[in-house]
1. What single numbered condition from (1) within 11 Å of chain B (Cβ to nearest Cβ); (2) out of contact with any helix residue (DSSP H, G or I) (no Cβ under 6 Å at 6 or more places or on another chain) fails to hold for A:Gly106?
2. Out of all the residues in region B:104-123, which are crowded, with 19+ Cβ neighbours inside 10 Å and either under 27 Å from the mean Cα position of the chain (by Cα) or in a strand (DSSP E or B) (or both)?
3. Report, by residue number, each residue of region B:412-433 that is out of contact with any Lys or Arg (no Cβ under 8 Å at 6 or more places or on another chain), touching a residue at least 12 places away in the same chain (Cβ under 8 Å) and more than 8 Å from chain A (Cβ to nearest Cβ).
4. Would you pick out the residues in region B:203-244 that are outside the structural domain of B:Ala142 (by TED's automatic domain parsing) and of a type in the set (Lys, Arg)?
5. Would it be correct to say that B:Val363 is closer than 26 Å to A:Gly63 by Cβ and either within 8 Å of another protein chain (Cβ to nearest Cβ) or not in a loop (DSSP other than H, G, I, E, B) (or both)?
6. I'm trying to understand the selection: among the residues of region B:371-391, which are crowded, with 17+ Cβ neighbours inside 10 Å, more than 7 Å from every other protein chain (Cβ to nearest Cβ) and in a loop (DSSP other than H, G, I, E, B)?
7. Please state which of the following conditions B:Leu81 fails to meet, knowing it meets all the rest: (1) over 22 Å from B:Ala237 (Cα atoms); (2) in contact with a Gly (Cβ under 7 Å, 6 or more places away or on another chain).
8. Within region B:392-411, does at least one residue satisfy the condition of being facing another protein chain (nearest Cβ under 8 Å) and part of a strand (DSSP E or B)?
Amino acid sequence: MSHAFDIEILRRRIAAQERLTPIKRPAVALGPAALDAALPEHGLATGALHELVPATHGDFAAGIGFGFCLLARIARSRPGQILWAAPAHLGFREGGLYPLGLAALGFDPDRLIQIAARKSIDILWALEEGLAHAPLAAVVGVLPENAHDYDFSASRRLAMRAARQGVTAFIFRGRENPGMSTAAETRWSVASLPSLPAPVPAMGARPGLGFGLGAPRWQVKLTKCKKGTPGGWLSNQPDGWDVEWDHETLSFRLPAPLADRAPAWAHGADNRPDDRPGTSWAEAS
Amino acid sequence: MALTTALMTALAPHGQKLREDEALVLVTTSDSGQHITALNRAAEQLGFLPGMALADARAIHPTLKVGHADLAGDHRSLVRLALWCQCYSPFTRVDAPDGVSLDITGCAHLFGGEAGLLDMLAERLGGFGLTARLAIAPTIGAAWGLARHAASPRLAVARQDLRACLAPLPIAALCLDATTLSALEKLGLKRIGDLLDKPRAPLAARFGPFVLRRLDEALGHEEASFGPLSPPVLHSATCRFAEPIVTREAIEVAIDRLTRDLAIDLEHAAKGARRVELRLFRVDGWFEALPLATSTATRDPRHLARLLGERLDRIEDHAGFGFEAASLSALQVEELAGRQQDLGDEALAGARGDIAPLLDRLVNRFGARHVTRPQPYASYIPERAARAASVLKSMRSHDWRAHARVVQDGAPFARPLFLFAVPEPVTTLAEVPDGPPTRFEWRRVAHRVARAEGPERIAPEWWLAPAGASRKTRDYYRIEDEAGRRFWLFRDGLYERGEDVPRWFIHGVFA
């Protein structure tokens, strides 16, 4: 009897105890090899709970944007609607989710069902209801910063329900709370990064201000990976990854480090100022 | 068959307790002074009549108690009562100012025949503190007259006795207007019996068609229309309880039975319900209504029972002395062909790709306005280009890519992930007046612009001109600050137009 066989039997026994179906669900690959390699299933596990946390207060839109890119990849491989539950007052503070902006990211707004809830407990209820319905592709909950209802047992309930029907769950949390542990499969911290200059000058780009905005770019850190092997996901990302989203191919890419510098021809005959992202306009002019 | 109740409410003003022998009148104020509109039995025995001037009444009886009549409140209570009466018949209406009519065709046998129904209703109305006169007659007109003018306060008249019963009534029982009444009385035609054998043509020539029409309606020679308070419901189920029920468990049992009955009814008609309403009739003359909407036509009793059961918390608090009857009506139905029954597992329904049960439960909890799907709208103005439509309205699919191409007019600029419904003003510093800002301050945080792209010029939709909307051309810029955060700013108006100095706004945030 081989070790692998023993381990498989043990896995099944644990799965039965945890009331999880031992069905292997295909993970959704994110694209870049470095990213996928950090994840134990070589991709984002479906039928699991994932958490997204903005790195700072102002990175809320960045976190949601990254989340919708993940959703766009999940939506590509699994049919069904996506349930979005957010506090009703979110629209005043952060603005309302704009379908044309979702379409610009490559996410089909037609697959979105939005719920405006008053309390975080209602959001969690909606997510649990959604997770029990297999025809959904994913459920997304935006929790306010002071959501005390979301604790370990609440996250465990979500994770178990997600595993049962294979619906993936995402939770956006206001802020990372280091003292709190949850049953999430992974936790991502997202920060905005200046976009790389578009390879071709965009229409209306100002000469002094680079060539317009490039594709959305974020610094993404995997701060938790439940099934990851020690040294696997932590050592792979000393400082997180700088990922860029391609809305045409619906895939992430890690821009080559070289691309972070100004293109060589920028120093050419026309004395174009340095285009490094980080350089302020005032300094550049 | 119609039943009419004429009510005399003996309401003490402001809920004061009134002794039986204390005379009370309610008055209304008009240009010609204050007149009595309602009075209690003690006042009636003193010889007062409705319509009398208050000054006259005071002169006769100086210690008379007087209150102001609340006509709007009276009407509201009448509507409430007419709705409550729907637990006896689905067709009820208000006969302003003082009565309620029920069309009891085919209903009386459920309550022990006409006599049983009269006794039951008289007892219940008496219990509410109402003095009621009841009459059952084959026509609405006859019932109306008999309830108000017959000698007996409670009677049921059969068709063969109708003529004989109507004959001694005063002509006021025909529900005629005041001028016709006084004209008839001047000619000595005081009772309905006086009109019955008169030649018809001279009557019609002299008083117009209404006298004869009312007479024919009362006698059943002509059809009278009955405008019920609520539209007729084709599919409904009712149940009555031996004892008033209060507890949630008992209500749930009743709901189970009602949904099953309704489902059978709907199945026979090959229909599914889109809107249903549960009504729980309270013993004290009111009912609690629980309306419900579903995203697709359904007649699954378990699904309906579950949706209703989830909303019982509110109902339970309002049970009062208990509910004596319940009804479940399908207010809006759609065609729903019969389907082979599945094994009844919700997971199985899920496997078919049907999310309607989920949507119904979400709508049930959050309200129809709060569970939405985005819907495109043909407008160049960004905040108007997309709307949120309730999932109950439509589940049609839309081509958003095509929509984006149309409303952006082929421009390659992306749209933000979050859009503010109302653009927020920002203070800016720009290098050149018509260029993008070099720095701006939003919500007390200063941002230095690292990159900008634009302008994308969006002109107002002058052909629509919504009231109060900005009529200025907007120049939109995609802005990236030094931290890499991306914003959508616009300048409201153009410099060269010679308008005021244009202001800057932030309209959205990019991912």
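The values are calculated or read from the model by the stated rules, or taken from the named source; none is laboratory data. Small disclaimer: the values here were computed from a predicted structure and weren't measured. FYI the Cβ positions are ideal-geometry reconstructions off the backbone, even for glycines, and counts take in every protein chain you see.
1. (2)
2. Listed by number, the residues that qualify are B:Ile104, B:Leu121.
3. Within region B:412-433, B:Pro423, B:Val426, B:Thr427, B:Pro433 meet the criteria.
4. Residue satisfying the conditions is B:Arg240 alone.
5. On the way: closer than 26 Å to A:Gly63 by Cβ: no; either within 8 Å of another protein chain (Cβ to nearest Cβ) or not in a loop (DSSP other than H, G, I, E, B) (or both): yes.
No; evaluated as a whole, the condition is false for this residue.
6. The answer is B:Ile381, and nothing else.
7. Just one mismatch for B:Leu81, condition (1).
8. No, there is no match, as no residue in region B:392-411 is facing another protein chain (nearest Cβ under 8 Å) and part of a strand (DSSP E or B).
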